[in-house]
Every structure is written in C-alpha cells, then in structure tokens.
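Q: Below are the structure tokens for one structure; questions will follow.
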Amino acid sequence: MSVAPSQAAATGARVKRVAIIGNPNTGKTTLFNALTGLSARVGNYPGVTVEKKTGALAPGIELIDLPGTYSLAAHSPDEMVAVNVLHGDQDGEPRPDAIVVIADAGNLQRNLYLLTQVMEIGLPIVVALNMVDAAKQAGVTVDAKLLSAALGLPVVPTVASKGVGMNELREAVRSALNDAAPTKPLWAWPPSIKKEIDALTSACGIDAFLAGRALIDEGGSAEAALAARKGENARKALHEARARLKAGGAPPAKLEIQMRYAWIGRTLAPCIDRQPAGPSLTDKLDRALTHRVLGSFIFVLLMTGVFVTIFVAARPLMDWIQAGFDWLGGELSAAFAGGSLEGGMLESLLVKGVIAGVSGVLVFLPQIAFLFLFIALLEDCGYMARAAFLMDRVLRFCGLSGHTFIPLMSSFACAVPGIMATRTISNQRDRFTTILIAPLMSCSARIPVYGLLCYAFVPHEPLYGLLPALVFAAMYFVGIAVAIPVALILKRTLLKGPTPPFVMELPPYKMPTPRVVWQRVWEASKAFTVRAGTAIFAISIVVWALLYFPRPHEIGVEYDAKRAAVRVEYPAEELRSEDQKKDLQDKLDELDKQETGAYLRASYMGRMGHFIEPAVRPLGWDWRIGIGALASFPAREVIVSTLRIIYDLGEESGGDEEGSRKELAERLQASTWPDGRKVYNLPVALSIMVFFALCAQCASTLVTIKKETGAWKWSAFTFFYMTGLAYVASFATYQIGMLLMG
Amino acid sequence: MRLSECAPGQGGRIAKVEGDDAIGQRLMEMGLIEGVDVKVVRIAPLGDPIEIEVQHYKLSLRKSEAQRVELAP
C-alpha cells in the first residue's frame with residue numbers, strides 16, 4: 001500500500017498527487033483519515049510552521065491535506081501554503097494532478113465560494129458533499145446529480161465520520177485523474193478587471209491566476225509573493241492597476257465576491273431544497289452554553305474541570321513515570337555496586353545524566369496527552385469556538401483574541417503543551433505573542449519552589465495561618481500581571497501589525513470523532529517526545545557534566561581519610577554490636593552526603609555560583625542560592641534536589657514529603673552568611689519566588705518555542721526577556737522588602 | 001442602521017459593507033454582501049463579540065467589524 005516516491009520510481013509509475021481542500025468545520029480531517037487510513041504521515045512545510053499531512057488514497061495516489069481555508073485570498077501563512085501547493089509554487093511540492101474540494105452540505109452557499117476560486121486553478125476537481133446526514137436533519141436536501149450537472153464537476157455525497165461514500169469518492173478521484181479535463185471557470189471577469197489582469201500577466205510574466213489574486217487581495221500573500229519574485233516594480237504596477245479600478249468605481253475585491261455569490265445563488269437554487277425546521281439542537285444548546293449567566297458559569301466549570309484534570313489526574317501518571325525511572329536508576333546503581341566502576345563517572349552519567357534527562361522529557365507526557373485530549377474533544381464537538389466567543393472581550397485587554405484563551409490556561413499546568421496548543425490560533429502575530437507570554441503563567445513545576453519557601457519563611461500566625469497560601473496565590477498573580485504589559489508591548493513593537501479580524505464561524509455541535517481525537521493526542525505526544533525530547537536530552541547531559549566535573553581528586557582523598565578515621569573508632573566488623581553498626585552507618589552516610597556536597601561546590605557549576613555571587617547579592621542571595629538557580633535553568637523543579645545536595649542532605653530523602661520539606665526548611669532557616677547573619681528572611685524568600693515565577697528556567701519550553709516558531713531567535717528572546725525581568729523584579733522585591741522590614 | 005447596533009433578534013437586508021481592506025474582504029467572503037439578509041442571534045456575556053446568522057449559518061464577529069455592515073432602512 002506504500003506510495004513512497006522511491007518505490008514508485010522503481011516500478012516506473014509516477015505517484016499521482018491529489019490535494020484536498022475545504023472550509024474549516026467541514027469534516028476535512030475526518031475525510032482525510034477515512035480515505036488514507038493508517039498511511040497518514042505528519043510533517044512540516046519547510047520554512048513555515050504549517051503542518052503537512054499526506055497519506056495514500058490508493059496505491060500510486062498520494063493525498064495531501066491542505067490547511068482549512070474559507071478563501072484562496074491568502075492573508076495567513078496557512079492560507080498561503082494552501083494556495084502555493086495548489087498552484088505548484090511550494091518548494092519541493094510538485095503541482096497536484098487533481099483536487100478534492102470538500103463542502104458541508106448544510107452550508108453550501110459559503111462552501112461553494114471556495115470551490116469557485118479553486119475552479120480557476122485549472123485542475124480536475126471532485127466535490128465531496130460531506131455531512132449530508134446532518135444537513136438532512138436540519139431540513140436541507142441537496143440533489144447531488146443536479147448539482148453535478150450545474151457545476152460540471154463530479155459530486156459525491158459523503159458522511160466521512162461513518163465512512164459513507166468513501167469508495168465512490170475514491171472511484172471519482174481515479175476517473176478524474178485518468179480522463180477528466182481541467183476545470184474551466186464558468187464566468188468571465190468584468191471587462192475592467194479582465195483588462196488589468198491581462199496587463200499584469202504580460203507585464204510581470206506571471207499567470208492569470210496569480211495576477212488576479214495579487215490584484216484583488218490588497219496586502220495579501222499573493223502581493224507579497226509577487227513583489228518578492230518580480231521586484232518592487234511589479235508591486236508598483238499592481239498598486240496603479242488597483243487605483244485605476246477603484247477610481248473607475250470597481251473595487252476588485254468587492255466585485256469578485258459579489259460576482260461569485262451571485263453565480264452560486266443562481267447555480268444552487270434548483271439543486272437545493274430547504275424545509276423550515278424548528279430550533280436545532282445547536283440552537284437549544286447555545287441558548288444555555290452562551291447564555292450571559294448560565295453560559296459563563298458552565299464555561300468556568302468546564303475550564304476548571306479541564307485544568308484540575310491536567311493538574312491532578314496527570315499527577316499519578318507523572319509520579320508513576322518518575323518512579324519507574326527512579327527504579328531504573330536504582331537498579332543501574334545496584335548493578336554497578338561492588339564492581340570496579342561503583343560511584344564512577346559512567347554510573348553518574350547513566351543515572352544522573354541519561355536517565356534523569358529522559359525522565360525529564362517523558363514526565364511531561366501525561367499532561368500533554370490530557371490537554372490534547374480535551375482540546376481535541378472541545379474542538380471537534382464545536383465548543384472551542386464558543387469558548388473563544390465568550391473570552392474574546394477579556395483577552396482584548398492584552399491585544400489578543402478569544403482564540404488564545406485555551407493555550408494560556410493550559411500553560412498554568414505546563415507551558416509545553418500550552419505552546420503546542422497555539423496551533424489553533426490562525427493569526428501569526430497573535431500566535432507568537434501567546435507563545436512568548438505562555439511561560440509567564442506559573443506552571444506546576446514552580447509548585448515545589450513556592451511550597452518550600454512559603455512553608456519555611458512566610459509567617460504562619462497572622463490571618464489565621466492563611467498568609468502562606470496567600471503568598472502562594474500571589475505568585476500566580478505576579479505571572480499574569482507581568483504577562484499583560486509584555487503582551488501589549490510585543491503587540492506594539494516586535495509583533496506589530498493590523499488587528500486581525502475576529503470573524504469566526506460557530507459551527508453546529510456534533511459528536512466528536514474518536515479517530516480524530518485519538519490522532520490529535522497521539523501526534524502531539526509523538527511530536528513532543530521525538531522532536532523536543534532529543535534537544536532536552538542533550539541539554540540535560542550538558543548540565544550533568546557542569547555539575548559533575550572537574551571532580552578534584554583531593555576531595556575523594558580527604559573523605560576517604562575521614563571515613564577511615566571514623567571506622568577506626570569502632571571495633572572490627574565481626575565484633576560490632578547492632579547499635580554500633582547502625583551508628584557507624586549513619587556517620588558514613590553523613591560523610592557521603594558531605595562529600596557529594598563538596599564535589600558539587602567544586603564543580604564548574606559550583607564555581608559559577610561563587611563567580612556570580614556579586615551579581616545575585618543585590619537580590620539578597622548567597623552563592624548557594626546562586627548555584628541552585630543556575631542548576632535549575634534546564635528545569636526549575638531541580639532547585640529542591642540541588643539545595644538538598646548543597647546543604648549536605650543528600651539528593652533524596654528517605655522519608656515522606658512533609659518530613660523532607662521540614663528537614664530542608666530547617667537547614668535553610670539555619671543558613672548564615674560568613675559574618676553570622678541569617679541568609680534567609682522573608683524578603684529573600686519572596687525574591688527567590690518572584691525570580692522563579694518570572695524566569696525562563698525550562699529547557700523544554702525553550703526547545704518547544706523553537707519547534708513552534710521555527711527559529712531559535714524566539715527561544716533566545718524569551719530566555720533573555722524573562723530572565724531580565726526576573727532579575728529586575730526580584731531585585732525590587734528584595735530591596736523594597738528590606739526597606740519595609742527596616 | 002448598522003449591524004453593530006442591532007439587539008438580539010433584530011436584523012435586516014445588507015445595504016453596504018465598508019472597507020476594501022483585508023477585514024472588509026473577509027466579511028464579504030463570509031457571505032456578508034449587499035442584498036443578503038442578516039440577523040443578530042445573541043451578544044456575548046461581556047457585550048462583545050456578537051453572533052449573527054447569515055447565508056443559513058452562524059458567525060461571530062466583533063462590534064467593531066459589525067459596524068462596517070450597514071442595513072437597508
């Protein structure tokens with residue numbers, strides 16, 4: 001069943017390419033899945049972050065799924081890719097041999113608009129008239145035979161979600177590939193526009209389709225492509241042509257659209273029967289779901305449910321994954337134990353580098369899977385558009401739109417799935433702004449840091465013991481409060497541009513298709529593990545090395561001597577009492593912890609901690625906190641285990657969570673500067689928390705930003721702006737705090 | 001009267017859609033063209049955007065965009 005080009009080349013037959021295009025909400029993904037089955041592959045078009053999906057329609061026929069679009073008047077990268085592929089302008093993509101246009105039978109007027117544009121490309125077309133069952137329920141019956149005759153194209157009624165009409169559609173595509181003549185437009189342009197298109201065609205050396213699109217779509221992608229390819233003179237010619245048409249009372253965009261809708265109205269009237277139907281299920285549902293009070297309440301309830309599930313239900317799975325890797329690490333260490341490599345570099349590399357790196361990636365999987373499960377369900381059933389409808393006004397405060405709500409909310413669980421979820425935002429500038437502010441939402445990895453410091457340093461007495469919880473909540477607020485101005489500034493500077501329209505279809509509700517939902521979850525999980533995973537893994541190894549080397553020989557010698565000195569105090573092994581054995585073991589364990597701490601302090605990272613102390617002094621930090629913050633750059637939750645090592649508590653506590661937090665809290669409270677003053681007080685604790693709330697300490701997030709924006713520069717930008725903000729904000733927190741404390 | 005001024009349930013026949021920019025073009029492409037009937041279905045809880053019915057389907061748009069749509073008296 002494979003249609004890999006190499007295989008086809010070997011057998012001598014060229015793989016035929018069929019592109020599928022249609023409006024959003026027409027069941028295009030479902031149709032693509034039904035036609036291609038298990039052969040679907042997902043990739044990216046080079047240079048743009050537009051997903052490329054291909055699969056085998058039949059042996060020797062490749063199906064290409066194009067981004068959903070209402071029109072070929074391209075204004076976004078998604079729409080441009082669709083136009084480029086159809087027109088044969090996309091790098092590495094040969095022009096398709098035929099096109100399947102999918103249209104929603106219940107919404108034909110608007111759906112046929114795109115079809116009339118696609119007909120001008122001049123390739124054989126097959127129309128898939130989808131969701132005929134839902135249309136019938138709504139009282140709309142379309143006569144496919146009459147429509148086919150009126151359009152001059154094969155029209156196949158389908159219900160993709162139930163697999164109805166798939167064989168007929170395959171057959172129609174096959175015969176279109178074999179003998180259908182290229183489609184010709186069924187009308188003529190008004191003479192004034194025709195004249196300008198012809199003039200542009202010959203002046204710029206392009207075909208009539210591209211000339212027409214460039215002329216009509218003011219500021220659109222075709223205009224930009226024309227200027228890029230043919231120079232500024234072509235753009236000038238374009239502007240002059242437009243000015244002439246407008247002066248002559250014929251704005252081309254308006255004429256085009258009116259002409260198409262007029263043709264559609266005439267063509268469709270005899271083919272369609274519309275019976276008056278009572279209020280549909282969608283009408284009834286929307287009365288509740290978008291109701292002023294009830295709708296808002298349901299929305300809050302639903303989002304809380306989603307958030308709590310990502311947050312809470314993913315927890316046991318994450319713990320389970322973590323425990324699995326801990327077990328693996330333990331087994332590995334046990335395998336090394338007693339051998340000549342015990343406690344050596346290889347063991348450390350495998351356990352603390354490789355296993356910690358892999359688990360650091362995989363531990364995010366449950367949250368990603370859960371989030372995408374909800375996104376896919378909400379989107380496929382039609383609620384996502386309602387969520388955007390309800391939230392648009394709120395997000396406009398930050399210069400964004402309702403589409404950005406779900407990605408931002410998800411980022412409170414974890415920025416990685418949140419950033420991946422921005423693919424649902426069609427406007428590129430809104431999408432990038434959302435990506436860049438998503439890491440400011442306090443994710444679950446900040447919880448251990450906030451928890452430890454609130455527990456240890458926030459006074460418990462005032463406000464009936466609620467103060468630690470309030471400070472905890474305030475840290476979430478800090479992130480949001482900073483994100484709003486950052487978004488506003490980004491939208492006015494780096495990502496400046498005209499406000500995109502918020503013109504969004506509210507599709508009828510429907511049952512989600514399990515295949516589509518499952519595929520969404522699977523693809524998101526796979527993309528994260530494979531693409532982001534490798535980079536995160538590499539970074540983990542680098543940080544391991546910085547924490548491990550140079551490992552001065554003297555420290556080992558010193559602690560060997562100390563261990564020997566302790567052993568001497570006890571009788572020979574066979575003569576020791578149980579109490580003495582335990583006593584000795586405790587002392588040796590304590591020495592091991594001190595030795596681990598000594599190695600860390602002498603490591604490159606440890607030296608960097610000392611080196612940067614002057615820089616973190618104004619934040620109220622000593623070098624130990626400095627190391628903790630540095631070591632946490634790949635993943636902020638590392639701070640707790642790093643602090644444990646620095647304070648000679650060993651990496652893991654044997655006891656329960658509460659006990660281990662208390663143990664570390666006591667060490668922190670006892671920690672002093674060389675002159676005997678306490679290191680930690682409330683302003684210092686707040687300064688650390690604010691730093692962790694705002695700093696970009698997450699390699700996974702930075703790698704995901706690169707994957708989603710296609711450029712490292714956005715990762716670098718996020719890293720520097722967040723770290724800079726974090727520094728300034730924690731400086732202010734500490735200094736103001738000290739002033740207030742007198 | 002403009003579409004942005006309509007209460008839920010109100011509407012009429014489109015007389016004119018303003019603007020030859022990308023937003024005007026998108027509104028017209030979605031079926032908001034002269035001579036077509038349009039009706040406001042509801043207004044979002046925070047007063048904006050609005051939901052309308054046009055060409056037998058439901059569309060949401062902001063009031064600032066609906067303001068471009070002029071209805072016949």
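The values are calculated or read from the model by the stated rules, or taken from the named source; none is laboratory data. Small disclaimer: the values here were computed from a predicted structure and weren't measured. Every residue, glycine as well, gets a Cβ built from its backbone with ideal geometry; the counts of neighbours run over all protein chains shown.
Q: Please pick out the residue among A:Leu694, A:Leu686 that is at pLDDT 90 or above and farther than 30 Å from A:Val530 by Cα.
A: A:Leu686
Q: Condition test on A:Ala128, is it buried (at least 20 other Cβ atoms within 10 Å of the Cβ), assigned to a strand (DSSP E or B), over 28 Å from the mean Cα position of the chain (by Cα) and within 14 Å of chain B (Cβ to nearest Cβ)? So that I can check it myself, show each step before the final result.
A: Numbers: buried (at least 20 other Cβ atoms within 10 Å of the Cβ): yes; assigned to a strand (DSSP E or B): yes; over 28 Å from the mean Cα position of the chain (by Cα): yes; within 14 Å of chain B (Cβ to nearest Cβ): no.
No, not satisfied.
Q: Taking region A:22-74 on its own, how many of its residues are part of a helix (DSSP H, G or I), under 30 Å from A:Thr704 (Cα atoms) and at pLDDT 85 or above? Before the answer, list the steps.
A: Initial filter on region A:22-74 (part of a helix (DSSP H, G or I)): A:28-39.
Filter once more, keeping what is under 30 Å from A:Thr704 (Cα atoms): A:28-33, A:36-39.
When the remaining residues are screened for being at pLDDT 85 or above, the result is A:28-33, A:36.
Here the count works out to 7.
Q: Can you find even one residue in region A:207-230 that is more than 13 Å from chain B (Cβ to nearest Cβ), part of a helix (DSSP H, G or I) and aromatic (Phe, Trp, Tyr)? Show your work before the answer.
A: Step one: list which residues in region A:207-230 are more than 13 Å from chain B (Cβ to nearest Cβ), which gives A:207-212, A:214, A:225-230.
Checking the rest, the ones that are also part of a helix (DSSP H, G or I) come to A:208-212, A:214, A:225-230.
Checking the rest, the ones that are also aromatic (Phe, Trp, Tyr) come to A:209.
Within region A:207-230, one or more residues are more than 13 Å from chain B (Cβ to nearest Cβ), part of a helix (DSSP H, G or I) and aromatic (Phe, Trp, Tyr).
Q: Is it fair to say A:Arg423 is in the same structural domain as A:Ala385 (by TED's automatic domain parsing), at pLDDT 85 or above and touching a Lys or Arg at 6+ places or on another chain (Cβ under 9 Å)?
A: Details: in the same structural domain as A:Ala385 (by TED's automatic domain parsing): yes; at pLDDT 85 or above: no; touching a Lys or Arg at 6+ places or on another chain (Cβ under 9 Å): yes.
No.
Q: Here's a check for you: in region A:677-721, which residue that is small (Gly, Ala, Ser) and in a helix (DSSP H, G or I) is surrounded by the fewest Cβ atoms within 10 Å (Cβ to Cβ)?
A: Of the residues in region A:677-721, the ones small (Gly, Ala, Ser) are A:685, A:687, A:693, A:696, A:699-700, A:710-711, A:715-716.
Okay, now just the ones that are also in a helix (DSSP H, G or I), so A:685, A:687, A:693, A:699-700, A:715-716.
Numbers: A:Ala685: 24, A:Ser687: 28, A:Ala693: 25, A:Ala699: 25, A:Ser700: 24, A:Ser715: 22, A:Ala716: 14.
Within region A:677-721, the match that is surrounded by the fewest Cβ atoms within 10 Å (Cβ to Cβ) is A:Ala716.
Q: Based on what the data block shows, is A:Ala262 within 11 Å of chain B (Cβ to nearest Cβ), part of a helix (DSSP H, G or I) and either touching a residue at least 12 places away in the same chain (Cβ under 8 Å) or under 24 Å from B:Asp37 (Cβ atoms) (or both)?
A: Working: within 11 Å of chain B (Cβ to nearest Cβ): yes; part of a helix (DSSP H, G or I): yes; either touching a residue at least 12 places away in the same chain (Cβ under 8 Å) or under 24 Å from B:Asp37 (Cβ atoms) (or both): yes.
Answer is yes for this residue.
Q: Separate question: Tell me the residue from A:Ser540, A:Ser577 that is surrounded by fewer than 15 Cβ atoms within 10 Å (Cβ to Cβ) and either of a type in the set (S, T, N, Q) or not assigned by TED's automatic domain parsing to the domain that holds A:Asp104 (or both), please. Working first, answer last.
A: Values: A:Ser540 fails: surrounded by fewer than 15 Cβ atoms within 10 Å (Cβ to Cβ).
The conditions single out A:Ser577.
Q: Please state which one of A:Leu151, A:Leu210, A:Leu169 is at pLDDT 95 or above and either farther than 19 Å from A:Tyr261 by Cα or crowded, with 20+ Cβ neighbours inside 10 Å (or both).
A: Numbers: A:Leu151 fails: at pLDDT 95 or above; A:Leu210 fails: at pLDDT 95 or above.
Only one candidate qualifies: A:Leu169.
Q: I need a count of the residues in region A:104-154 that are among the polar types (S, T, N, Q), within 22 Å of A:Leu255 (Cβ to Cβ) and touching a His at 6+ places or on another chain (Cβ under 7 Å). Outline the logic, then answer.
A: Filtering region A:104-154 down to residues among the polar types (S, T, N, Q) leaves A:107, A:109, A:111, A:116-117, A:130, A:137, A:141, A:148.
Narrowing the set further to residues that are within 22 Å of A:Leu255 (Cβ to Cβ) leaves A:109, A:111, A:116-117.
The next check asks that each one be touching a His at 6+ places or on another chain (Cβ under 7 Å); those that pass are A:109.
Total satisfying the criteria: 1.
Q: Let me ask something else. Here's a check for you: in region A:466-507, which residue that is under 24 Å from the mean Cα position of the chain (by Cα) and among the small types (Gly, Ala, Ser) is nearest to the other protein chains (Cβ to nearest Cβ)?
A: A:Gly497
Q: Are there helices (runs of 4 or more DSSP H) fully within region A:370-429 with at least 1 residues that are within 13 Å of chain B (Cβ to nearest Cβ) and within 16 Å of A:Thr499 (Cβ to Cβ)? List them. Give the derivation first.
A: Details: elements: A:383-395, A:405-410, A:415-420.
Filter on region A:370-429 gives A:383-395.
Q: Looking at region A:590-644 only, could you name the residues that are touching a residue at least 12 places away in the same chain (Cβ under 8 Å), under 15 Å from A:Pro448 (Cβ atoms) and polar (S, T, N, Q)?
A: Correct list: A:Ser632, A:Thr642.
Q: If you don't mind, another one. On the given criteria, is A:Ile555 farther than 28 Å from A:Asp430 by Cα and touching an Asp or Glu at 6+ places or on another chain (Cβ under 7 Å)? I'd like the intermediate steps shown before the answer.
A: Numbers: farther than 28 Å from A:Asp430 by Cα: yes; touching an Asp or Glu at 6+ places or on another chain (Cβ under 7 Å): yes.
Yes: the conditions hold for A:Ile555.
Q: If I filter region A:101-108 for residues that are of a type outside the set (Phe, Trp, Tyr), more than 14 Å from chain B (Cβ to nearest Cβ) and more than 30 Å from A:Pro279 (Cβ to Cβ), do I get at least one hit?
A: Applying the first criterion (of a type outside the set (Phe, Trp, Tyr)) to region A:101-108 yields A:101-108.
Next, only the ones that are more than 14 Å from chain B (Cβ to nearest Cβ) stay: A:101-102.
Filter once more, keeping what is more than 30 Å from A:Pro279 (Cβ to Cβ): A:101.
Scanning region A:101-108 turns up at least one residue that is of a type outside the set (Phe, Trp, Tyr), more than 14 Å from chain B (Cβ to nearest Cβ) and more than 30 Å from A:Pro279 (Cβ to Cβ).
Q: Kindly list, by first and then second residue, each pair from a residue in region A:704-732 that is touching a residue at least 60 places away in the same chain (Cβ under 8 Å) to a residue that is of a type in the set (D, E, K, R) and crowded, with 18+ Cβ neighbours inside 10 Å, limited to pairs with Cβ atoms under 9 Å and residues at least 6 apart or on different chains.
A: Cβ pairs passing all conditions: A:Glu708/A:Arg431; A:Thr709/A:Arg431; A:Trp714/A:Lys706; A:Trp714/A:Glu708.
Q: Of the numbered conditions (1) under 30 Å from A:Lys491 (Cα atoms); (2) buried (at least 23 other Cβ atoms within 10 Å of the Cβ), A:Phe412 fails exactly one; give the number of that condition.
A: Single failed check for A:Phe412: (2).
Q: Where in region A:509-598 are the helices (runs of 4 or more DSSP H), entirely inside, with at least 1 residues that are modelled with pLDDT under 80? Outline the logic, then answer.
A: Numbers: elements: A:514-527, A:533-548, A:553-568.
In region A:509-598, A:514-527, A:533-548 are the helices (runs of 4 or more DSSP H) which contain 1 or more residues that are modelled with pLDDT under 80.
Q: Right, here's the next one. For region B:1-46, which positions are at the interface with another protein chain (Cβ under 7 Å from one of its Cβ atoms) and part of a strand (DSSP E or B)?
A: B:Arg42
Q: Moving on. Which one of the conditions (1) under 28 Å from A:Pro270 (Cα atoms); (2) more than 33 Å from the chain's Cα centre (by Cα); (3) charged (D, E, K, R) does A:Arg110 fail to meet, given that it meets all the rest?
A: Failing condition for A:Arg110: (2).
Q: Related question: Would you mind telling me which numbered condition in (1) β-branched (Val, Ile, Thr); (2) touching a helix residue (DSSP H, G or I) at 6+ places or on another chain (Cβ under 6 Å); (3) modelled with pLDDT of 85 or more A:Val293 fails?
A: (2) is the only condition that A:Val293 fails.
Q: Residues A:Pro251, A:Pro182, A:Pro279: which one is at pLDDT below 85, within 14 Å of another protein chain (Cβ to nearest Cβ) and farther than 22 Å from B:Val17 by Cβ? Give the steps one after another, and end with the answer.
A: On the way: A:Pro251 fails: farther than 22 Å from B:Val17 by Cβ; A:Pro182 fails: within 14 Å of another protein chain (Cβ to nearest Cβ).
Every option except A:Pro279 fails the conditions.
Q: Considering region A:88-113 alone, what residues qualify as being in a helix (DSSP H, G or I) and crowded, with 21+ Cβ neighbours inside 10 Å?
A: Of all residues in region A:88-113, those in a helix (DSSP H, G or I) come to A:105-113.
Scanning region A:88-113 gives A:Ala105, A:Gly106, A:Asn107, A:Leu108, A:Arg110, A:Asn111, A:Leu112, A:Tyr113.
Q: Can you give me the number of residues within region A:161-182 that are part of a helix (DSSP H, G or I) and touching a residue at least 12 places away in the same chain (Cβ under 8 Å)? Can you show your working first?
A: Start the filter on region A:161-182 by keeping residues that are part of a helix (DSSP H, G or I), which leaves A:161-162, A:166-179.
When the remaining residues are screened for being touching a residue at least 12 places away in the same chain (Cβ under 8 Å), the result is A:161-162, A:166, A:168-170, A:172-177.
Total satisfying the criteria: 12.
Q: Still on this structure, please answer the following. Which members of region A:19-44 meet the condition of being over 26 Å from B:Ile23 (Cα atoms), surrounded by fewer than 19 Cβ atoms within 10 Å (Cβ to Cβ) and not aliphatic (A, V, I, L, M)?
A: Within region A:19-44, A:Gly37, A:Ser39, A:Arg41, A:Gly43, A:Asn44 meet the criteria.
Q: Residue check, A:Glu256 against (1) closer than 26 Å to A:Arg95 by Cβ; (2) under 38 Å from the mean Cα position of the chain (by Cα); (3) more than 12 Å from chain B (Cβ to nearest Cβ), all met but one. Which one?
A: (3)
Q: Please specify each residue of region B:47-64 satisfying the condition of being hydrophobic (A, V, I, L, M, F, W, C) and within 7 Å of chain A (Cβ to nearest Cβ).
A: Filtering region B:47-64 for residues hydrophobic (A, V, I, L, M, F, W, C) gives B:50, B:52, B:54, B:59, B:61.
Passing the criteria: B:Leu59, B:Leu61.
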